[in-house]
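Colleague: Please find one structure pasted underneath; my questions will follow.
The values are calculated or read from the model by the stated rules, or taken from the named source; none is laboratory data. Keep in mind that this is a model prediction, so the values were computed, not measured. Cβ sites come from the backbone with ideal geometry, for glycine too, and all protein chains shown count toward neighbours. Heavy atoms of the whole protein, side chains included, go into the accessibility calculation; ligands, DNA and RNA do not. Shrake-Rupley method; radii C 1.70, N 1.55, O 1.52, S 1.80 Å.
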Amino acid sequence: MRISVMSVMVNDQARALKFYTEVLGFVLKVDVPVGAGGERWLTVVAPDALEGTQILLEPLGFPPARVYQKALFDAGIPAASFGVDDCQAEHDRMVKLGVTFKTPPTAMGPVTVAVLEDTCGNLIQMAQMM
């Protein structure tokens, strides 16, 4: 068994695609229209793992999902965690792009983490293993 797709609920798929590709550096994998409301099966992948785990930028069409997303955000709990080689360098690069960070790079034992807002209702953690 392996992870093939993981979902990140987003309140705006177009804005999410822009953020996850242009800021976080993922690349578009699949973009297929589904349903009558303009929703899409929209996934991105890491550029060095094109056949790896896909991140589904899932629209918040289910009302309880909005409640859940807001509760996570308000509690400061990241919706996802992504690995980086240099947390400080990524933080500095993203700050220049206008990204809002809730937590700057912080050493926590064998890992350095930072938490940022993804512009689509989520907190995202990036983590660098030492």
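Colleague: Could you give me the residue pairs with C-beta distances under 8 Å whose first residue belongs to region 90-113 and is in contact (Cβ under 8 Å) with a residue 24 or more places away in the chain, whose second residue is assigned to a loop (DSSP other than H, G, I, E, B) wherever it lies, and which are 6+ apart or on separate chains?
Modeller: These pairs meet every condition: E90/V84; K102/G76; T112/M130.
Colleague: Within region 50-75, which residues are in a loop (DSSP other than H, G, I, E, B) and open to solvent by less than 40 Å² (accessible area, probe 1.4 Å)?
Modeller: Hits for region 50-75 are G52, L60.
Residue-wise test of (1) within 19 Å of T100 (Cα to Cα); (2) under 13 Å from the mean Cα position of the chain (by Cα).
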{"site": "M6", "(1), (2)": "no, yes"}
{"site": "D12", "(1), (2)": "yes, yes"}
{"site": "E22", "(1), (2)": "yes, yes"}
{"site": "V32", "(1), (2)": "no, no"}
{"site": "G35", "(1), (2)": "no, no"}
{"site": "G61", "(1), (2)": "no, no"}
{"site": "A65", "(1), (2)": "no, no"}
{"site": "K70", "(1), (2)": "yes, no"}
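Colleague: Restricting attention to region 18-39, report how many residues are surrounded by 13 or more Cβ atoms within 10 Å (Cβ to Cβ) and at pLDDT below 95.
Modeller: Residues flagged as surrounded by 13 or more Cβ atoms within 10 Å (Cβ to Cβ) and at pLDDT below 95 within region 18-39 amount to 1.
Colleague: Does region 40-49 hold any residues that are open to solvent by 70 Å² or more (accessible area, probe 1.4 Å) and either in contact (Cβ under 8 Å) with a residue 40 or more places away in the chain or of a type in the set (D, E, K, R) (or both), and which are they?
Modeller: Result: D48, single match.
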